[in-house]
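A short reminder: the numbers here are calculations on the coordinates, not readings from a lab. None of the values given here were measured: they were computed from a predicted structure. Here the Cβ positions follow ideal geometry from the backbone for every residue, glycine too, while neighbour counts run over all protein chains shown.
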Amino acid sequence: MVIWDNKYVRFTTFRRDGSKASTPVWIVPLGDGRAGFTTPSTSFKAKRLGSNPRVELAASDMKGNVADDATVVEGTATVVTGDEFERVSRLVKAKYGFSWRMIQVGARVMSWFGKDQASDSAVIIDLDA
C-alpha cells in the first residue's frame, strides 16, 4: 500500500529548533511520486515549510495516531496556490466526497464568526524514493 491509499496520514513538519509538529491530513496522489493536500495558507504547517521543507508521513487515524508498525515516508514539501491548488482541491473533493463537503460547510460557518478556515493553498510533497 502506498501512502496516499490511506484515508488519513500524519503529516509531520519541523520547527526551527528541529522539534516535530504533526497533524492528520487527507492526502491524494498527484503522479510522479508526489502527493498533496489542501490547507489554509495561514496554517502553522504551511508556515513551518517556509523554514524547513523536509516532512514525514505515516498512515494514521483521524486523530493522527500511528500504529507501532507503520512505515514513515519522508519527502520535501512546497506550498502552492493558483492552478496547482485548484488541481489538488479537485482531487481531494473527488476522493473524500461527502466528508469534504461537510468540512466546507464547517469552514463557511466559521467564517461568519471571523475565523476563516478555508483552504486557499495546497501542500505538494515530493516523496523520497
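Step through the residues of the range 56-68 one at a time and calculate ³J(HN,Hα) from phi using the Karplus curve (6.51 cos²θ - 1.76 cosθ + 1.60, θ = phi - 60°), rounding each to whole Hz and writing x for Gly and Pro.
Once θ is set to phi - 60°, the couplings for the range 56-68 become 10, 10, 8, 4, 8, 8, 5, 9, x, 6, 10, 5, 4 Hz.
Tell me which residues come under 5 Å, amide H to amide H, from Ser41 once H is placed; ignore anything under 5 positions away on its chain.
For Ser41, whose amide H was placed from the backbone, the distant partners under 5 Å are Asp120, Ser121.
Apply the Karplus curve 6.51 cos²θ - 1.76 cosθ + 1.60, θ = phi - 60°, to the phi angles in the range 14-29 and return the couplings in whole Hz, x for Gly and Pro.
10, 6, 4, 7, x, 6, 8, 9, 10, 8, x, 9, 7, 9, 10, x
Expressed as cubic angstrom per residue, what is the convex hull volume of the alpha carbon set of the range 1-121? Numbers along the way, then the final one.
Numbers: hull volume 13.9 nm³, N = 121.
Cα convex hull per residue, to the nearest whole number: 115 Å³.
Distance in nm between label sites at Lys47 and Ala70, each 7 Å beyond Cα in the beta-carbon direction?
A separation of 2.5 nm, rounded to one decimal place.
Within the range 3-127, how many Lys pairs that are eight or more residues apart, or on different chains, come under 15 Å at the alpha-carbon? Each step should come with its number before you reach the end.
Working: Lys7/Lys63; Lys7/Lys93; Lys7/Lys95; Lys20/Lys45; Lys20/Lys47.
Qualifying lysine pairs in the range 3-127: 5.
Could you give the size of the charge dipole of the chain about its Cα centre, using +1 on the Cβ of each K and R and -1 on the Cβ of each D and E, expressed in debye and rounded to the nearest 20? Don't jump to the answer; show the numbers that get you there.
Numbers: 18 positive and 15 negative charges, 108 e Å.
Here the size comes out at about 520 debye.
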